[in-house]
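The values are calculated or read from the model by the stated rules, or taken from the named source; none is laboratory data. Note that this is a predicted model, so its numbers are computed, not measured. Every residue, glycine among them, receives a Cβ derived from its backbone with ideal geometry; neighbour counts consider all protein chains shown.
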C-alpha cells in the first residue's frame, strides 16, 4: 500500500514538475515576443541584460537567504578560466535567441532550436573528432529534414532571424560541450550555474547593450504611451526567466531522461500552438508537417541516445566510445534564462 502511494506521488510530482516547467518556458517565450512586437521594445540586448540581472539577483537570494541549494565553492582562478568562457557562450546563446524572436515567429524559432542535437553531434565530430554510432547519425536525418522543410515553407521567413536562431543552436551546443570539459569536478545544479554565470553574462553584455541600444531605449522611454505597464512586463519577463531555471532543476530531478526529452519536445509543440493562438502568424500545412517531423526526430534521437547509454558489454561495465555519450541527455534540451 505504501509503495503504491509513493509511486502515485512520484508520478504526480513528475507531472506537476513538467507542467510548471512548460508554464514558465512558454510564458517567457511569449512575453519576450510580446515585448518585441506589441510593446515596440526592439532591443534584444537590453532584454537579455534585464534577464541576466534578475537571474543573478534571484540566484543570490535563493542560495544565500532562502537556502534552496548549498553554495558550491569555486576557486577564484577557476571562475575566470572555467566559468567565464561558459558565461560568454551562455550570453551569446540567450542574445541570439532574443534576436531571432524579434525577426521570426515563435513557432519557427522553436522549431529551429530543435536542431540543437544535430549541431552538438556535428560539432563534436568535426572539432573534437568524436566517434558516433550509425544509429545516432540516422536519428539526425528527420531532424535535419524537418528543419529544411520548415525553413523552405515558412511564410514569415527572415534571413537575419533564421541565422540568429541557427547560430543560437551552435552556441547551445558549444555551451554543452564546454560544460563537460570546463566544469569537470564541479557538480553544478541549475541554481549554482546561474549564480556564477549570470553576473559574468551581465558584465559581458552591459557595455554592448549601452552602446548599441542606449539611445534607442531612451527614446522609447519618452515616446511609449504606457511606460509603467511596459516596464512591469519587461521586469516580469526577467523574473520568470530566473524561475524557468529553477523549474528546469526541479523537473530534471523529478523525471527520467527519456521523460524529460519527450516533455521537452511536447513543450515546443505547446509553445508553437499558444504562440499561434496569440499572434496568429500564418503557418502553412507543409510548415506544420516540417515542425512535426522535426519534433518526432528529436524524440527518436532521445530514444536512441537513451538505448545506447544503457548498452553494456557482456560481463564488464560499458565504456563509452566517446565522451559525448557520457553527457546527460537533459543537457541537449536545457533552456537557460
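Looking across 167, 188, one residue alone is under 17 Å from the mean Cα position of the chain (by Cα), at pLDDT below 90 and surrounded by fewer than 19 Cβ atoms within 10 Å (Cβ to Cβ). It is 188.
The sole residue among 141, 218 that is under 23 Å from the mean Cα position of the chain (by Cα), in a helix (DSSP H, G or I) and either surrounded by fewer than 18 Cβ atoms within 10 Å (Cβ to Cβ) or in contact (Cβ under 8 Å) with a residue 12 or more places away in the chain (or both) is 141. None of 211, 194 is modelled with pLDDT under 90 and either within 30 Å of residue 66 (Cα to Cα) or in a helix (DSSP H, G or I) (or both) except 194. Within the option set 208, 199, being touching a residue at least 12 places away in the same chain (Cβ under 8 Å) and more than 20 Å from residue 175 (Cα to Cα) holds for one residue only, 208.
The single condition among (1) within 16 Å of the chain's Cα centre (by Cα); (2) more than 29 Å from residue 60 (Cα to Cα); (3) at pLDDT 90 or above that residue 266 does not satisfy is (3).
Exactly one residue out of 52, 84 is in contact (Cβ under 8 Å) with a residue 12 or more places away in the chain and either surrounded by fewer than 17 Cβ atoms within 10 Å (Cβ to Cβ) or over 17 Å from the mean Cα position of the chain (by Cα) (or both): that is 84. I'd like to know if segment 33-44 contains one or more residues that are surrounded by 21 or more Cβ atoms within 10 Å (Cβ to Cβ), modelled with pLDDT under 90 and under 17 Å from the mean Cα position of the chain (by Cα). The answer is no, given that none of the residues of segment 33-44 is surrounded by 21 or more Cβ atoms within 10 Å (Cβ to Cβ), modelled with pLDDT under 90 and under 17 Å from the mean Cα position of the chain (by Cα). Which residue, of 101, 71, is in contact (Cβ under 8 Å) with a residue 60 or more places away in the chain and crowded, with 22+ Cβ neighbours inside 10 Å? When all the criteria are applied, what remains is 101.
Scoring residue 247 on the criteria (1) over 27 Å from the mean Cα position of the chain (by Cα); (2) modelled with pLDDT under 90 leaves a single failure, condition (1).
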